[in-house]
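Okay, structure first, notes after.
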Amino acid sequence: MDVGEERRAQIADIRQGVRALCAKYKEGYWSDLDSDKAYPTEFVRELTEAGYLGALIPEQYGGSGLGVLEAGAILEEVSRSGGNPGACHAQMYVMGALVRHGNDAQKEQFLPEIASGKIRLQSFGITEPTTGTDTTSLKTTAERHGDHFVVNGQKVWISRVEHSDLMLLLARTKSKSEITRRSDGLTAFIVDLKQAHGNGLTIRPIDAMINHHSCELFFDNLEIPAENIVGEQDNGFHVVLDGMNAERILIASECIGDGRYFIDKATRYAKERVVFDRPIGQNQGIQFPIARCYAEIEAAASMVERAAILFDEGRHCGAESNIAKMLASEASWKAGDMCMQTHGGYSFAREYHIERKFRETRLYQIAPISTNLILSYIGEHVLGLPRSF
Ligand SMILES: Cc1cc2nc3c(=O)[nH]c(=O)nc-3n(C[C@H](O)[C@H](O)[C@H](O)COP(=O)(O)OP(=O)(O)OC[C@H]3O[C@@H](n4cnc5c(N)ncnc54)[C@H](O)[C@@H]3O)c2cc1C
């Protein structure tokens, strides 16, 4: 699959620009944030002002009007530099719901301010404690009362909610007994977080393994104006689903960045570290795992590119996006393990930054969708095997 010379050259320029920006935010910046559980406010501001975080916002609303292929390259470069794009990636993948399903008034109200950095749309509220991966069984309800909805229920692992102005929320507007298709009866809403906090929304941060700013949310009669529905009422699952392929491709791109980060780091160290009077990289027991990880990351990167091109052409890409996410997340994890092994004991020293990236990249075999669920998608939708749940 060819993207054409002009587009490839533009992507090369974007990569160079992101690398230059990231060079100002050294690994120490990210590890300090990790220790303090703090948010990279300056980095996100700069990434937004440079136009990178608005990559998927159409130009008419002040964005860069780029594709998922370009957006993926941006996130990949942030990861590869040692940074953690998890602090801001949702702004890219939540965008599709608003751009494709939002009405004109919503787009005019929100998109220019998101593109300029005045407000952030960094939060995406789906997962619930009792239903987990079984999204269509979610229990948080939104009941209509005249011109607004009243939300009650609970969400868990909702990331960046304390660092975002808006959240895309999925809630049940019809009970399961009222629907025939299990994906019906859910509605997507834009929640104004500043207004909601303390007025029906309680936020409790989760003490987690990585600095992802994930929280539990408790809704107790939170009121949301009816005009904040994104797409059609009761059809919210499809609003969200539409963006899920973009999300998988973008997360896969981050994993490619992580994988390349680990391979760069291990290669450098294997050339420099001398034990038994020779660089450890001269031993094939060290060299081959690095070479194998390189091959696996390159193969996964080809699948990520293929999925992104299909997505940007508006073609069906469910299988490719899922496969890309699975391969990239597994390859980056394996590269992390290899990088730890290559560095021996020093990999445990925080100042080498490997353990932080190792923790961060582990997430992507679980969120936003776990490997088992991807295998189940391939089994059922690609291979036509019997449905299991
Ligand atoms: C750091 C972090 C950030 C997150 N951020 C967000 C966010 O911003 N917004 C949001 O909505 N969610 C977020 N999530 C939630 C994430 O999407 C879920 O954790 C993930 O989808 C898995 O759901 P679960 O944890 O409930 O696992 P469960 O659904 O309980 O599954 C547990 C395990 O069982 C497996 N499993 C379940 N059913 C089957 C089956 N039928 N066949 C085979 N295996 C099965 C799963 O694959 C998984 O490995 C985040 C999670 C984390 C850890």
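The values are calculated or read from the model by the stated rules, or taken from the named source; none is laboratory data. These numbers come from a predicted model, not from an experiment. Counting neighbours? That spans all protein chains shown, and the Cβs are built from the backbone with ideal geometry, glycine included.
Quick notes on this structure:
- Cβ-Cβ under 6 Å pairs, at least 6 apart or on other chains, the stretch 129-152 side farther than 14 Å from residue 191 by Cβ, far side within 11 Å of the ligand (Cβ to nearest atom) and part of a strand (DSSP E or B): 129/156
- When 142, 55 are checked against the criterion of being under 15 Å from the mean Cα position of the chain (by Cα) and of a type outside the set (D, E, K, R), a single residue qualifies: 55.
- Selected residue (criterion: surrounded by the most Cβ atoms within 10 Å (Cβ to Cβ)) from residues of the stretch 25-54 that are closer than 22 Å to residue 210 by Cα and of a type in the set (D, E, K, R): 34
- The requirement of being in a helix (DSSP H, G or I), at pLDDT 95 or above and out of contact with any Phe, Trp or Tyr (no Cβ under 6 Å at 6 or more places or on another chain) is not satisfied by residue 43.
- Inside the stretch 125-169, residues that are within 8 Å of the ligand (Cβ to nearest atom) and assigned to a strand (DSSP E or B) make up a count of 6.
- Any hit, the stretch 248-270, residues being assigned by TED's automatic domain parsing to the domain that holds residue 371, part of a loop (DSSP other than H, G, I, E, B), away from the ligand (no atom under 15 Å from the Cβ) and not charged (D, E, K, R): no
- Some residue of the stretch 349-363 being small (Gly, Ala, Ser), within 16 Å of the ligand (Cβ to nearest atom) and either assigned by TED's automatic domain parsing to the domain that holds residue 271 or surrounded by fewer than 16 Cβ atoms within 10 Å (Cβ to Cβ) (or both): no
- Any hit, the stretch 65-80, residues being surrounded by 21 or more Cβ atoms within 10 Å (Cβ to Cβ) and over 27 Å from residue 125 (Cα atoms): yes
- The sole residue among 285, 281, 314 that is outside any helix (DSSP H, G or I) and outside the structural domain of residue 74 (by TED's automatic domain parsing) is 314.
- Selected residue (criterion: surrounded by the most Cβ atoms within 10 Å (Cβ to Cβ)) from residues of the stretch 114-124 that are out of contact with any Leu (no Cβ under 6 Å at 6 or more places or on another chain) and either among the β-branched types (Val, Ile, Thr) or assigned to a helix (DSSP H, G or I) (or both): 115
- Any chance residue 252 is among the aliphatic types (A, V, I, L, M), modelled with pLDDT of 95 or more and farther than 30 Å from residue 377 by Cα: no
- Checked against the criteria, residue 378 does not count as within 23 Å of the chain's Cα centre (by Cα), buried (at least 20 other Cβ atoms within 10 Å of the Cβ) and over 19 Å from residue 209 (Cβ atoms).
- Some residue of the stretch 248-269 being surrounded by fewer than 18 Cβ atoms within 10 Å (Cβ to Cβ), more than 18 Å from residue 85 (Cα to Cα) and under 19 Å from the mean Cα position of the chain (by Cα): no
- Residue check, residue 155 surrounded by 19 or more Cβ atoms within 10 Å (Cβ to Cβ) and out of contact with any His (no Cβ under 8 Å at 6 or more places or on another chain): yes
- Qualifying positions in the stretch 364-387 - outside any helix (DSSP H, G or I) and either touching a residue at least 40 places away in the same chain (Cβ under 8 Å) or near the ligand (Cβ under 6 Å from one of its atoms) (or both): 366, 367, 368, 369, 370
Residue-by-condition table, conditions (1) over 25 Å from residue 342 (Cβ atoms); (2) more than 19 Å from the chain's Cα centre (by Cα):
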residue	(1), (2)
279	no, yes
285	no, yes
293	no, yes
296	no, yes
299	no, yes
303	yes, no
312	yes, no
316	yes, yes
319	yes, no
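- Selection count where residues are part of a loop (DSSP other than H, G, I, E, B), closer than 22 Å to residue 231 by Cα and free of Cβ contacts under 8 Å to residues at least 60 places away in the same chain, scope the stretch 63-113: 3
- Whichever residue in the stretch 208-247 is within 16 Å of the ligand (Cβ to nearest atom) and of a type in the set (Val, Ile, Thr) and, among such residues, is surrounded by the fewest Cβ atoms within 10 Å (Cβ to Cβ): 210
- Number of residues in the stretch 182-226 that are in a strand (DSSP E or B) and within 30 Å of residue 31 (Cβ to Cβ): the value is 8.
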